[in-house]
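Every number here is computed from the coordinates shown, using simple stated rules; none is lab data. Just so it is clear, the model here is predicted, and its values are computed rather than measured. A quick note on method: Cβ atoms are made from the backbone with ideal geometry, for glycine too, and the neighbour counts reach across all protein chains shown.
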Amino acid sequence: MANMRRFLRYDVEVPIYLEPCDQDGHREGFDPQALFPDLERMRYEGLGVEFNTILRALGKDKPKLVFMLSHMQVRLNFLFYLLQWLADDRDPREDGRFEYRLRQDAKIEFINILPEDSKLGRLLQALWRHMDLTIREVVGVVQTSTQGLFIYPQTPVALFDHTRYITNLRDVAEKGHPVAEALLLLEKMLNTLLKVLQRLKAFYAERAMPQRWPKLTVNLSAGGLGLWDSEKWPLYQKVNVFMALEQLFAGRGRVVFCRQLKTAPDPQRPWRVGVDFDWLPTERQDQITFFVQAHEVADAMARFPRERFEA
């Protein structure tokens, strides 16, 4: 049986961010070529071809090292695959290969083939760790998203720097040492992808910073919301809605009402704006409903203190 109170509206005070978007749901200013240009995508693939050529030459002499390096490339290619989808503002989970590639990536483990106290051993471990943490973060962005609204943690993205472990690696590579060449190529591939992640975090930064959102009184329900704003919104403008409830809420909607009213409680926000949510998953509807009902009950209890019933 349907919950008859699901669309109960109630005024709650929450940090909120309304993000204008185009008819396809992309944030205004979205340009996949600015986030991950085709030239960079082709350059990454070219580095992979060059890397494979070196591995083939190394195969007979250092099979264990080649095995480890090839697995690192597989993981980087998985990250490349994820970032291509995200840079295009598409959900990788829509691709039938996502779950398979995710399972395959999870099976790959670091194999300690070199002494831990050797410079090369420390470099390999650091490169693996940097790669692993990045992949985990990006997978987390995908798996916690709703309706293709991706929220990127605003932790800094540091490029990998081999000189912290081997200062003369480039000099060795220039002398034709294939292992050094392979490691430099892995570093270039990883840093190419890290720069894409930097751009994604910068472009979508506002979504992940509720501390910067205005805290407004919102008439909220699982069907939509109403609030007072300082600016006029075009009717039927599509918006992405982000609210700091008990947990971060993200959903899509459109403006269905916008009128300047003299009854505005704050003259700095004279526009009454109504937003209808697009279809919300059940868990998002419940998130709003439970939040609204909890505030309604708390307010009711505050109006009728226990002392009145105990008297």
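Annotations for the structure displayed:
- Neighbourhood net charge (14 Å Cβ-Cβ; Lys/Arg +1, Asp/Glu -1) for Tyr236: +1
- Label assignment, P(r) over Cα pairs in 20 Å bins from 0, in percent derived from the structure, set (i) 32, 54, 14, 0; (ii) 27, 43, 23, 7, 0; (iii) 32, 59, 9, 1: (ii)
- When you filter the trypsin sites (Lys or Arg not before Pro) in region 229-311 for DSSP loop state and at most 15 other Cβ atoms inside 10 Å of their Cβ, you are left with Lys232, Lys262.
- Rounded to the nearest Hz, the phi-derived 3J(HN,Hα) couplings of region 28-34 under the Karplus curve 6.51 cos²θ - 1.76 cosθ + 1.60 (θ = phi - 60°) are 4, x, 5, 8, x, 6, 7, where x marks glycine and proline.
- Projecting the Cα positions of Trp85, Leu102, Leu124 onto the charge dipole of region 75-145 (unit charges on Cβ atoms of Lys, Arg, Asp and Glu, taken about the Cα centre) puts Leu124 furthest along the positive direction.
- Formal net charge of residues neighbouring Leu58 (Cβ-Cβ distance under 12 Å; K, R +1; D, E -1): +2
- J(HN,Hα) series, region 202-207, from Karplus relation 6.51 cos²θ - 1.76 cosθ + 1.60, nearest Hz, glycine and proline x: 5, 5, 9, 4, 4, 4
- Taken as Cα centroids, region 77-96 and region 117-187 sit 19 Å apart, rounded to the nearest whole angstrom.
- Residues considered: Asp161, Asp91, Asp171. Largest GNM mean-square fluctuation over the chain, using C-alpha springs under 10 Å, is found at Asp171.
- Computed from backbone phi with θ = phi - 60° and the Karplus coefficients 6.51, -1.76 and 1.60, the 3J(HN,Hα) list for region 210-227 is x, 5, 9, 7, x, 8, 10, 7, 10, 7, 10, 8, 6, x, x, 8, x, 7 Hz; x is used for glycine and proline.
- Nonlocal amide H pairs with Asp278, under 5 Å, H built at 1.01 Å: Arg252, Gly253, Arg254
- Note on the chain: with charges restricted to the Cβ of Lys and Arg (+1) and Asp and Glu (-1), its dipole about the Cα centre is near 140 debye.
- Folded to 0 to 90 degrees: helix 38-58 orientation relative to the chain principal axis, Cα: 30 degrees
- The chain: most fluctuating residue of Glu99, Glu28, Glu283 per GNM, C-alpha cutoff 10 Å: Glu283
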